[in-house]
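**Q** What follows is a single structure, and I will ask about it in a moment.
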Amino acid sequence: MSVKHYRDLVAWRKAMELVKQVYQLTVTWPKEEQYGLTSQVRRAAVSVPSNIAEGYGRRTSKEFIRFLNVAHGSLMEVETQLQIGYLLGFMPAAELDKLLDLTSETGKITFGLIQSAERRAQA
């Protein structure tokens, strides 16, 4: 498949699935966390596909790579915040594992996209 739009990127699609699952999970978190950890993990999750899309829209390899790296960093934030949610008893281990599998897969795809963009930029 040819990439004609950021929505064609597998990394963006996986990141959008992550956003959906994070929102579905955090609905069950304590109400007193609405403006704390819940808000933080949601913002970090939304940042992942948003930065992939924004970087793609910049239309230069250097900018695309920069935004992909920001997206990857946000993904690490999501992982950390989900682990904090688990430590605080907001979710069972099985739910954490499921989401960490998705963040791992999204991270691998995003990192592969970074490497591909770097190779294209050097060519």
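**Q** Residues that are surrounded by fewer than 22 Cβ atoms within 10 Å (Cβ to Cβ), more than 22 Å from Ala94 (Cβ to Cβ) and either more than 9 Å from the chain's Cα centre (by Cα) or in contact (Cβ under 8 Å) with a residue 24 or more places away in the chain (or both): does the range 15-24 have at least one?
**A** Yes.
**Q** Restricting the search to the range 29-50, which residues are of a type outside the set (Val, Ile, Thr) and in contact (Cβ under 8 Å) with a residue 24 or more places away in the chain? Spell out the reasoning first.
**A** As a first pass, look at the range 29-50 and keep what is of a type outside the set (Val, Ile, Thr): 29-37, 39-40, 42-45, 47, 49-50.
Those that are of a type outside the set (Val, Ile, Thr) and in contact (Cβ under 8 Å) with a residue 24 or more places away in the chain: Trp29, Pro30, Glu33, Leu37, Gln40, Ala44, Ala45, Ser47, Pro49.
**Q** Restricting the search to the range 80-103, which residues are touching a helix residue (DSSP H, G or I) at 6+ places or on another chain (Cβ under 8 Å) and of a type in the set (S, T, N, Q)?
**A** Gln81, Gln83, Thr103
**Q** Which ones in the range 51-75 are under 19 Å from Lys108 (Cα atoms) and free of Cβ contacts under 8 Å to residues at least 12 places away in the same chain?
**A** Those that are under 19 Å from Lys108 (Cα atoms) and free of Cβ contacts under 8 Å to residues at least 12 places away in the same chain: Arg66, Gly73.
**Q** Could you tell me which numbered condition Asp101 fails, if it satisfies all but one of (1) over 14 Å from the mean Cα position of the chain (by Cα); (2) without any contact (Cβ under 8 Å) to a residue 12 or more places away in the chain; (3) surrounded by fewer than 16 Cβ atoms within 10 Å (Cβ to Cβ); (4) more than 17 Å from Val3 (Cβ to Cβ)?
**A** Result: Asp101 fails condition (1) only.
**Q** Residues of the range 78-98 being exposed (fewer than 13 other Cβ atoms within 10 Å of the Cβ) and small (Gly, Ala, Ser), which ones?
**A** Gly89, Ala93, Ala94
**Q** Is it fair to say Pro49 is at pLDDT 95 or above and crowded, with 17+ Cβ neighbours inside 10 Å?
**A** Details: at pLDDT 95 or above: yes; crowded, with 17+ Cβ neighbours inside 10 Å: yes.
Yes; evaluated as a whole, the condition is true for this residue.
The values are calculated or read from the model by the stated rules, or taken from the named source; none is laboratory data. This is a predicted model, so every value here is computed, not measured. All Cβ positions, glycine included, derive from the backbone under ideal geometry; neighbour counts span all protein chains shown.
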